[in-house]
Amino acid sequence: MARPVLLTVASAAAVLAVCGAGGRDAAAAGSAPGTVSAAVTRTAPAPGAAAAARPGTTIKAVSSAFGRILADRRGQAVYVFEKETTSKPECYGTCARVWPPVLTEGRPVAGGGVSARLLGTTRRRDGKRQVTVDGQPLYSYVHDSPGRVLCHDVREFGGLWLVVRPDGTPAP
């Protein structure tokens with residue numbers, strides 16, 4: 001069990017170094033097909049409970065150095081992966097450990113400054129529901145915290161990671 005933890009810590013350390021180094025490409029691709037992300041942000045639904053009836057993950061607008069951007073309920077920035085041109089997630093394995101998908105058990109909730117019509121979900125390979133904005137899957141960055149955006153406009157895992165404005169477009 002110590003080995004997966006060491007790989008995760010090593011992967012996260014490599015990404016942190018890349019984000020602080022001005023956005024050099026750390027990895028050309030995500031993990032091998034068939035691997036499943038270990039990133040989980042919520043517990044599994046209780047037996048017999050209807051996931052759609054549960055309140056979902058809240059996405060709200062917050063102020064940042066990049067202007068108004070989308071964030072989770074705690075105020076931590078969420079990102080899109082420009083490599084993903086459809087609602088189908090492509091970030092799995094090591095990628096998803098560094099860039100955890102924003103998961104939900106119910107319909108996403110539009111917080112202050114966000115239009116509910118822009119929020120939706122997509123299914124990941126493991127069956128979990130990932131929040132989308134204007135059809136694009138959302139992710140967080142493992143080393144961000146509320147009010148701290150470390151990896152906007154950074155190229156990793158074969159594409160750019162960008163914070164998102166409340167209208168669903170990537171921030172410049």
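The values are calculated or read from the model by the stated rules, or taken from the named source; none is laboratory data. The model shown is predicted, which means the values in this text are computed figures rather than measured ones. Neighbour counts run over all protein chains shown; Cβ positions are idealised from the backbone, glycine included.
Condition check for K83 on (1) under 19 Å from D167 (Cα atoms); (2) of a type in the set (K, R); (3) in contact (Cβ under 8 Å) with a residue 24 or more places away in the chain: one failure, at (1). Residues that are in contact with a helix residue (DSSP H, G or I) (Cβ under 9 Å, 6 or more places away or on another chain) and either of a type in the set (K, R) or farther than 17 Å from G168 by Cα (or both) within the range 96-145 comprise R97, V98, W99, T104, E105, G106, R107, R124, R129, Y141, V142, H143, listed in sequence order. Only one of the numbered conditions (1) within 23 Å of P55 (Cα to Cα); (2) assigned to a loop (DSSP other than H, G, I, E, B); (3) of a type in the set (V, I, T) is violated by T121, and that is (2). Scanning the range 108-117 for residues that are out of contact with any Pro (no Cβ under 8 Å at 6 or more places or on another chain) and either in contact (Cβ under 8 Å) with a residue 24 or more places away in the chain or assigned to a loop (DSSP other than H, G, I, E, B) (or both) gives P108, A110, G111, G112.
Annotation for the range 56-70: at least one member residue is surrounded by fewer than 19 Cβ atoms within 10 Å (Cβ to Cβ), at pLDDT 50 or above and assigned to a loop (DSSP other than H, G, I, E, B).
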